[in-house]
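The values are calculated or read from the model by the stated rules, or taken from the named source; none is laboratory data. Nothing here was measured: the structure is a model prediction, and the numbers come from that model. As a convention, Cβ positions derive from the backbone with ideal geometry for all residues, glycine included, and neighbour counts pool all protein chains shown. Each accessible area value is taken on the protein alone, full model and side chains, heavy atoms only, with ligands, DNA and RNA left out. Shrake-Rupley method; radii C 1.70, N 1.55, O 1.52, S 1.80 Å.
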Amino acid sequence: MNNRIPVVENILSANERIANQNRQLLEDARVFSINMMASPGAGKTSLIEKTVSRLGTQTKIAVIDGDIATSLDADRAAAAGAIAVQINTGGDCHLDAIMLHEALPKIDLNEISLLIVENVGNLVCPANFRLGTHKSILIASIPEGDDKPYKYPGMYRGVDALVINKIDLLPYIPFRMDYFRQGVEILNPGLETFPLSCQTGEGIPAWLDWLTAQLWK
Ligand SMILES: Nc1nc2c(ncn2[C@@H]2O[C@H](COP(=O)(O)OP(=O)(O)O)[C@@H](O)[C@H]2O)c(=O)[nH]1
Ligand SMILES: [Mg+2]
């Protein structure tokens, strides 16, 4: 029993060390990077497709996709025009810095200016493992319900920007936007928020403006 806490600490500190190495690799190549997190089906891959197809001509983008199995998401990112690498976690419910560290050499970082990491669909575990990316982005979506900030505070507390996807469904699904936003504000005051629809394209320009403003000049 006594050694439980030290073991956890060792794993987390190993992750921190490799995350710092990842950050250094990305900074040496002047690559801006984001860690995209959300529950399964919130629209991570859809937003990546939209981002790549709209920014791809001016910005060279690589996508690293984390999934339990298959290369379906990396295939979609590649079809949209990104350099794509798939990580299969084989059951793990999140990416960690070591997995990213193993995937990074598969990309010529000097060729790209933006790296998007699509984490495994999960609203709990990914928040606990820093990857070394510059910003963490959470995608919420209307069909998930307006109570999610209250139920998954760790995820909402730790992110740098929030996308609220599927706003095209607002007329059909009960979703109290004020209640949702109040929950977010308690956990992460002033959080940059982008309501949008990957289906209709509404709100996508504001997201792309924010993203391009983060890129290395
Ligand atoms: N109505 C609607 N559906 C969407 C939107 N964005 C994504 N979807 C759908 O949601 C499902 C899951 O999307 P996907 O991008 O694969 O989610 P991921 O699991 O988070 O990567 C797919 O059927 C998408 O077509 C949106 O803005 N509006
Ligand atoms: Mg996906």
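Things worth noting here:
- Cβ charges +1 (Lys, Arg) and -1 (Asp, Glu), total dipole of the chain, debye: 220
- Candidates GLY91, GLY158, GLY41: whichever shows maximal mean-square fluctuation once the chain is modelled as a Gaussian network with Cα springs under 10 Å: GLY91
- Extending 7 Å from Cα along the Cβ direction at TRP210 and again at ASP160 yields two label points whose distance is 1.2 nm.
- Greater than 32 Å apart at Cα, pairs in LYS148/LYS217; LYS106/LYS151; LYS106/LYS135: LYS148/LYS217; LYS106/LYS151
- Annotation: per residue accessible area for the chain equals 48 Å², rounded to a whole number [probe 1.4 Å, protein chains only].
- Of all accessible heavy-atom area on the chain, the percent that carbon and sulfur account for (1.4 Å): 51
- Within the chain, the selection of entire DSSP H helices by a Cα span of 27 Å or greater along the long axis and an average Kyte-Doolittle value of at least -1.0 returns 4-28.
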